[in-house]
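The values are calculated or read from the model by the stated rules, or taken from the named source; none is laboratory data. None of these values were measured; they are calculated from a predicted model. Positions of Cβ are generated from backbone atoms using ideal geometry, with glycine treated the same way; all protein chains shown enter the neighbour counts. The area values use the complete protein model at the heavy-atom level, side chains included, leaving out ligands, DNA and RNA. Shrake-Rupley method; radii C 1.70, N 1.55, O 1.52, S 1.80 Å.
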Amino acid sequence: MKFTYNAYEDLISLIKDHNYEICNYENHQRSNCCVILRHDVDLSLEKALRFAELEFNKGVQSTYFILLSTSFYNLFHRKSNDIIKKIRSMGHEIGLHFDEVNYPIGNIDELRHHVRKEVSIMSQGLGMEIKTVSMHRPSKWVLEADIKFENVINSYGREFFNDFKYLSDSRMHWREDAYKVIKSNAYERLHILTHPFWYGDEEATIEEKLKGFIRTQKNYCYYNLKDNIRDLEEILPKI
């Protein structure tokens, strides 16, 4: 599968053609043949918005997991906040993407405490209820613990890995051919994770995508400085 928007549209069409119902973490039990579509937003909200619009145009809703603790975007910034609310307005679910390495966590109770704290902050900051959490680069013990959170669904819970066939494009690599798995109709329940960052209008290598992102971030940094430093062009011409 190529990492292009057209390829992802083809994936959605294939899911529908093989009579899978696209569900979420709350309502999947209503269907005997379903797919949960999940997106981890590690680097770019703009890329997530493009995915959300694509899905909306295909009549599909999915779940977008947003980082609270990241240096790449700030959900409290007006632009970021507006993007997330726009994604939600299209019927998509917003969940917490939790990065455990930001805290000195030694046991499940400490993990629950920090997840609960971030859920509360995100809910208040966005003005919406956060009901799901996914782990960002989870450690082995977190993956194996089947952790339950009060009033929050853990997307890494055993239910979503034992009862579902799990497919992921992590690091721009599908461990299994998603098209073939769907076409086989061998599984009644699919749990598909994608990372919108890796997709674009044209096919490109992972190196090309990362270099392009760095260039974009440089421009983004310059315009943020311009918003905060008067007459920035006189001090520093655009680079």
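Taking the longest Cα principal axis of the chain as reference, the axis of helix 5-17 is set at about 20 degrees. Cross-link partners of residue 180 among lysines, defined as those whose alpha carbon lies under 18 angstrom from its own and excluding same-chain residues fewer than eight positions apart: 2, 16, 165. Phi angles across the range 36-48 convert, under the Karplus curve 6.51 cos²θ - 1.76 cosθ + 1.60 with θ = phi - 60°, into 3J(HN,Hα) values of 9, 9, 10, 10, 8, 9, 7, 10, 9, 6, 4, 5, 4 Hz, Gly and Pro given as x.
Around residue 168, under 14 Å between beta carbons, what's the net of Lys plus Arg minus Asp minus Glu among the other residues?
Residues close to residue 168 contribute a combined charge of 0.
The solvent-accessible area of residue 208, taken with every protein chain present and a 1.4 Å probe, is close to 110 Å². Checking Cβ-Cβ separations below 4.7 Å across the chain identifies 33, 221 as cysteines lacking any candidate disulfide partner. Compared with the alpha-carbon gap, the fully stretched path from residue 53 to residue 129 is longer by 25.2 nm at 0.36 nm per residue. Helix 78-89 and the longest principal axis of the Cα set of the chain meet at an angle near 20°. Normalised by the number of residues in the chain, the average gap of Cα pairs under 8 Å and 6 or more apart makes the relative contact order 24 percent.
The angle separating the long axis of helix 206-228 from the principal Cα axis of greatest extent in the chain is about 50 degrees. GNM, the chain, Cα, under 10 Å: largest mean-square fluctuation among 63, 132, 216? Highest fluctuation among the options: 216.
Take the chain, connect every pair of alpha-carbon atoms lying under 10 Å apart with a spring to form a Gaussian network, then pick out the residue of 129, 144, 21 with the largest mean-square fluctuation. Highest fluctuation of the listed residues: 144. Amide H contacts of residue 4: 200, each under 5 Å away and 5 or more positions distant or on a separate chain (H built 1.01 Å from N in the peptide plane; Pro and chain starts excluded). For a quick check, take a GNM of the chain with Cα springs below 10 Å and name the residue from 19, 162, 219 with the largest mean-square fluctuation. Among 19, 162, 219, the largest GNM mean-square fluctuation belongs to 219.
Just the number: Rg to Rh for the range 1-74, Cα atoms, Kirkwood Rh, two decimals.
On the Cα set of the range 1-74, Rg over Rh gives 1.00.
The residues neighbouring residue 59, those whose beta-carbon lies less than 13 Å from its own, together hold a net charge of -2 under the Lys/Arg +1, Asp/Glu -1 convention. Electrostatic bookkeeping for residue 136 treats Lys and Arg as +1 and Asp and Glu as -1; over the other residues with beta carbon under 13 Å from its beta carbon, the sum is -3. So I have (1) 6, 23, 25, 20, 16, 7, 1, 0; (2) 6, 26, 29, 23, 13, 2, 0; (3) 7, 30, 35, 21, 6, 2, 0, and one of them is P(r) over Cα pairs in 10 Å bins from 0, in percent calculated from this model. Which one is it? Computed from the coordinates, P(r) over Cα pairs in 10 Å bins from 0, in percent corresponds to (3). One chain, two ends: residue 233 and residue 137. Fully extended at 0.36 nm per residue, the span grows by 30.6 nm beyond their Cα-Cα distance.
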